[in-house]
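What follows is a single structure, written as structure tokens, with notes after it.
Coordinate-derived values only; no laboratory data. Predicted model only: the values in this text are computed from it and were never measured. Positions of Cβ are backbone-derived with ideal geometry, glycine not excepted, and every protein chain shown enters the neighbour counts.
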Amino acid sequence: MAFDCVTFGESMIRLAPPGLRRLEQARSLDVQVGGAELNTAVGLARLGRKTSWVSRLTDNPLGRLVANHAREAGVDTSHVLFTSEDRVGLYFLEFGAAPRASGVLYDRKNSAIAAIKPGMVDWQAVFAGCRWFHVTGILPALSGSAAEATLEACRAARKAGLRVSMDLNYRNKLWSPSEAGACMGQLMEFCDVLITTEEDIEKVFGIKADTYESAAARVNERFGTPTIAITLRENPLVWLNDWTAILWRREGVLRTRSYKVEIVDRLGAGDSFAAGLIHGLLDNDPQKGLDWGVAMSAIKHSIPGDFAWVTAAEVESTVKGGGLRISR
């Protein structure tokens, strides 16, 4: 089957105490599934795109739980590798409230996807007839073999003529800035669209500039990346942010409106931005991609869990300035 977009990466089971409890207070845990690349595939599927997620899962109830959630959200899992070895990663989420920030505790060591190696995935078969490939800086941070598999996938995508997007998604609990810079710098050779934040550009590539636009221009100067999206979050409160983004291209910088978001759950918001952006770029409409990316991620802030349970009609209405009156 030909897909509009293929994503490649880890997904974990998310466990969170209800309300604003700390883990030490927990007597029950809410179960969700999430991972950056899968979240983006879900977002695109919700907008009507055909998407496939490539990963490696342990063939046990937890691995099947992850795959089932992906399929429920409309994502193809026919290229997911199942193994009797290793394990499914977990992460524990504590929701905070000012002045206490939300926090994540990872339990993902020796996960099945961390053990993925070049040669395990038949990329020629995966990419046949496909249009877009999306990865993030999370998968290559998991292990040396995962980094090599990511590089193999990007090379195969370029050979197959797909456009490639990357979200830097720097995680300091997974690797150091120098490790990230060396690995992601190599992957940037294949990147058509970079999705990032000003903070991650500085941490990973050591690029610091006076403005967001200048930072993006310097990324282009170093790597030749033609399209760079920078998301912008202002954090007056843990549960109330202003949210927007810019899209840098050689032809000029595109902008869109800013949303004041009341945050129910911010995890997956950046991945939803990536989905909306790719959706517009698949239509060769960068302004639509920026508008839909920011609107979709703004909506995602209001939805529990990592997945963006939205519709294209909701996103379009938000782009057009839909209000907050009850929809009856």
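Between V264 and residues 5 or more places away or on another chain, which pairs have amide H atoms under 5 Å apart, with H built 1.01 Å from N, and which residues are they?
The answer is S302, I303.
What is the gain in length, in nm to one decimal, between A101 and F82 on full extension, counting 0.36 nm per residue of separation less the C-alpha to C-alpha distance?
3.2 nm
Highest mean first, how do 96-104, 224-232 rank when packing is the count of other Cβ atoms within 10 Å averaged over residues?
Going by the mean number of other Cβ atoms within 10 Å, highest first, we get 224-232, 96-104.
Are there any trypsin sites (Lys or Arg not before Pro) in the stretch 174-264 that are in a DSSP loop and have at most 10 other Cβ atoms within 10 Å? List them by number.
Of the trypsin sites (Lys or Arg not before Pro), the ones in loops of the stretch 174-264 whose Cβ has at most 10 other Cβ atoms within 10 Å are R250.
What is the order of H79, H134, H301, fewest Cβ neighbours within 10 Å to most?
H79, H301, H134
Would you count, across the chain, every pair of lysines whose alpha carbons are under 14 angstrom apart, provided the pair is eight or more residues apart or spans two chains?
For the chain, the number of qualifying lysine pairs is 4.
Can you check what the net charge comes to around Y91, using other residues whose Cβ is under 12 Å from the Cβ of Y91 (Lys, Arg +1; Asp, Glu -1)?
+1
Let me check I've understood the local charge: for G268, count other residues with C-beta under 15 angstrom from its C-beta, Lys and Arg +1, Asp and Glu -1. What total comes out?
-1
Let's test the formula: R0 of 22 Å, r as the Cβ-Cβ distance of S214 and A182. What FRET efficiency results, to the nearest 0.05?
About 0.40, to the nearest 0.05.
Which value, in Å to one decimal place, does the Kirkwood hydrodynamic radius take for the stretch 215-300 when every pair of different Cα atoms is included?
One decimal place: 13.2 Å for the Kirkwood radius.
Which entry in (1) 26.0, 109; (2) 18.6, 55; (3) 19.8, 61 matches Rg and Dmax of the Cα atoms in Å derived from the coordinates of this structure?
(2)
How far apart, in nanometres, would the label points at N110 and Y259 be if each is projected 7 angstrom from Cα along the Cα-to-Cβ direction?
4.1 nm
With each pseudo-label sitting 7 Å past Cα toward Cβ, what's the N235-D122 distance in nm, one decimal?
Distance between the two pseudo-spin positions: 4.5 nm.
Using Cα-only point scatterers and the Debye equation, what is log10 of I(q)/I(0) for the stretch 79-213 at each q in 0.13, 0.22 Å⁻¹, rounded to two decimals?
Summing over Cα pairs of the stretch 79-213 leads to -0.65, -1.37.
So, counting K/R as plus one and D/E as minus one, what does the shell of residues with Cβ under 11 Å around R21 add up to?
It works out to a net charge of -1.
So what is the calculated 222 nm ellipticity per residue for the chain, using -39500 (n - 2.57) for each DSSP H run with n of 4 or more, over all residues, to the nearest 500 deg cm²/dmol?
-10500 deg cm²/dmol
At R0 = 41 Å, how high is the FRET efficiency between S28 and D242 if r is their beta carbon distance? Nearest 0.05 is fine.
Using R0 = 41 Å, I get an efficiency of 0.75.
Which residues make up the longest stretch of the chain clear of GluC sites (Glu not before Pro) that lie in a DSSP loop with no more than 15 other Cβ atoms within 10 Å, not counting the sites?
Between exposed loop sites, the widest span is 86-250.
Restricting to the chain, what percent of DSSP beta bridges are antiparallel, rounded to 5?
Here the antiparallel bridges make up roughly 50 percent for the chain.
To the nearest 20 debye, what is the magnitude of the charge dipole of the stretch 107-202 about its Cα centre, counting +1 on the Cβ of each Lys and Arg and -1 on the Cβ of each Asp and Glu?
The calculated dipole for the stretch 107-202 is roughly 400 debye.
Given the C-alpha atoms of the stretch 155-264, compute the convex hull and give its volume per residue in Å³.
About 134 Å³ per residue, rounded to a whole number.
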